[in-house]
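Novice: Have a look at the structure that comes next, please.
The values are calculated or read from the model by the stated rules, or taken from the named source; none is laboratory data. Computed from a predicted structure; not experimentally measured. Cβ coordinates were reconstructed from backbone atoms using ideal geometry, including for glycine residues, and neighbour counts include every protein chain displayed. These accessible areas exclude ligands, DNA and RNA; they are computed on the full protein's heavy atoms, side chains included. Shrake-Rupley method; radii C 1.70, N 1.55, O 1.52, S 1.80 Å.
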Amino acid sequence: MIKPSKVKFASQKLEEDFNSLKEEDPLKKSIKRAIKDLQENAFFGIQIPKRLIPKEYIIKYDTKNLWKYDLPQGWRLTYTITVENEVQLISAILEWSH
């Protein structure tokens, strides 16, 4: 199933961290590619089973689902999918880690 989504960062701090990466940084280029892919299809990543969602994410972000998008060099981006205004899917980036 292909469903376009609007991509947001889960926090202002995370967005600032992303913006502070240099344009030529391979990580920033990979995250930009991930954002483009998620805009085209919210379900592009791999869904993490509910039982494996870290309690920290449930408490901090009130997430009910978790997805992983593999980035190059062992990095990964984690995101959750929510619905806005009963029509628009939102892919909220929670973090990227190594």
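Novice: How many residues, within region 40-72, are in contact (Cβ under 8 Å) with a residue 40 or more places away in the chain and either open to solvent by 70 Å² or more (accessible area, probe 1.4 Å) or in a loop (DSSP other than H, G, I, E, B) (or both)? It would help to see each step written out before you state the result.
Specialist: The initial filter retains those residues of region 40-72 that are in contact (Cβ under 8 Å) with a residue 40 or more places away in the chain, namely 42-43, 61, 71-72.
Going one step further and asking which of them are either open to solvent by 70 Å² or more (accessible area, probe 1.4 Å) or in a loop (DSSP other than H, G, I, E, B) (or both), we end up with 42-43, 71-72.
Adding up the residues that qualify gives 4.
Novice: Next question, about the same structure. Pick from region 73-92 the residues that are within 15 Å of residue 46 (Cβ to Cβ) and in contact with a Lys or Arg (Cβ under 9 Å, 6 or more places away or on another chain): which of them is surrounded by the fewest Cβ atoms within 10 Å (Cβ to Cβ)?
Specialist: 76
Novice: Among residues belonging to region 73-98 that are in contact with a strand residue (DSSP E or B) (Cβ under 9 Å, 6 or more places away or on another chain), of a type outside the set (S, T, N, Q) and free of Cβ contacts under 8 Å to residues at least 24 places away in the same chain, point out the one that is nearest to residue 4 (Cα to Cα).
Specialist: In the first step, residues of region 73-98 are kept if they are in contact with a strand residue (DSSP E or B) (Cβ under 9 Å, 6 or more places away or on another chain); the result is 75-84, 88-98.
Narrowing the set further to residues that are of a type outside the set (S, T, N, Q) leaves 75-77, 79, 81, 83-84, 89-90, 92-96, 98.
Subsequent filtering for residues that are free of Cβ contacts under 8 Å to residues at least 24 places away in the same chain retains 76, 83.
Numbers: 76: 21, 83: 12 Å.
So the residue we want is 83.
Novice: Here's a follow-up. Of all residues in region 22-39 being among the charged types (D, E, K, R) and within 17 Å of residue 81 (Cβ to Cβ), which is surrounded by the most Cβ atoms within 10 Å (Cβ to Cβ)?
Specialist: To start, the set of residues in region 22-39 that are among the charged types (D, E, K, R) comprises 22-25, 28-29, 32-33, 36-37.
Right, trim to within 17 Å of residue 81 (Cβ to Cβ) and you get 36-37.
Working: 36: 11, 37: 15.
Restricting to residues being among the charged types (D, E, K, R) and within 17 Å of residue 81 (Cβ to Cβ), the top hit is 37.
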